Amino acid sequence: MKTLLAALFCGFLFGFGLIISGMTNPARVLNFLDWSARWDPTLAFVMGGAIAVALPGFHWLRKREKPLYSSHFELPAKRKIDAKLVFGAGLFGIGWGIAGLCPGPAVVAAATLDSDLLLFFAAMVSGMVAQHWFFNQKLNKNAR
Amino acid sequence: MMNWTVTTFDPWAGLAGGVFIGTAVVLLLFSIGKIAGISGIVAGIFNQKSIELHWRLAFLAGLILSPILYRAFIGEFAVIVQTETLWMVIAGLLVGFGTRLGSGCTSGHGVAGLARLSPRSLVATLIFMVTAVATVSVIRYL
């Protein structure tokens, strides 16, 4: 129960941060990605503010043995910079540049129930499922 | 295929929002030991069997609750779509497929990964920034 409440609260805090910084507005995100005379650098300040908190926060967590409500910290184990990372990030950037939405803002914006935003969310989930099906299915077959 | 609504630079709103996001990322790792990567959380709900489903659903519920409570207690906020419907769908597919292939998005790589000083996340963040800026340039200026 504590685990769920903590996750719920963190999700809420995250979404609140996206809203007050204007990151749920595709127009603002696209104007950040447009490095012309009308550049809107707000997104850089959002990332800067988030990292300014998370960097010392993570550093402090390194001294702790385990999280408050679970047995261990789960950090990504992958180290190699491979083709999947490069192509995946590249494709994501193209989609981000077309719509001005990445996954977090897409969820918050979809909650407004606008049809275009719901469609984007549905397409995003379909893309995730397709990727999982395509790559993990293949992996499982190879493993057998 | 795209409208162009001008927005004005708002560094204080950006910083304040960023501090909330950073706090959420640190709190999630501190409390339950998970990295707050939204693409991974969403994909985990729709992909896997019931394993690890509960905290992901709770996080997503909090994320969905934020605009509802914001509208109820604070007010409206701008969500101005700039892209035609067909291109929204194409973009959604690319964002979903790409973030999973690349193991992360703006939150997992761009915030949590950079704060962990992960070389993978630095490379991913640079690449998606470059392709996103290039995409907007092509759409708006070519």
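If only residues of segment B:80-105 that are open to solvent by 20 Å² or more (accessible area, probe 1.4 Å) and assigned to a loop (DSSP other than H, G, I, E, B) are counted, the one that is farthest from A:Pro26 (Cα to Cα) is B:Ser103.
Tell me, which residue of segment A:74-100 that is aliphatic (A, V, I, L, M) and more than 7 Å from chain B (Cβ to nearest Cβ) is surrounded by the most Cβ atoms within 10 Å (Cβ to Cβ)?
A:Ala83
Look at (1) more than 7 Å from chain A (Cβ to nearest Cβ); (2) open to solvent by less than 40 Å² (accessible area, probe 1.4 Å); (3) not in a helix (DSSP H, G or I) and you find that B:Gly113 fails only one, number (3).
Here is the figure for segment B:1-56: residues that are touching a helix residue (DSSP H, G or I) at 6+ places or on another chain (Cβ under 9 Å), hydroxyl-bearing (Ser, Thr, Tyr) and open to solvent by 20 Å² or more (accessible area, probe 1.4 Å) total 4. Of all the numbered requirements in (1) open to solvent by less than 40 Å² (accessible area, probe 1.4 Å); (2) more than 7 Å from chain B (Cβ to nearest Cβ); (3) more than 23 Å from B:Ser118 (Cβ to Cβ), A:Pro105 misses one, and that requirement is (3).
The values are calculated or read from the model by the stated rules, or taken from the named source; none is laboratory data. Given the structure is predicted, the values throughout are model-derived calculations rather than measurements. Backbone-built Cβ (ideal geometry, glycine too); neighbour counts: all protein chains shown. Remember, those area values only see protein heavy atoms, side chains included, never the ligands or the DNA or RNA. Shrake-Rupley method; radii C 1.70, N 1.55, O 1.52, S 1.80 Å.
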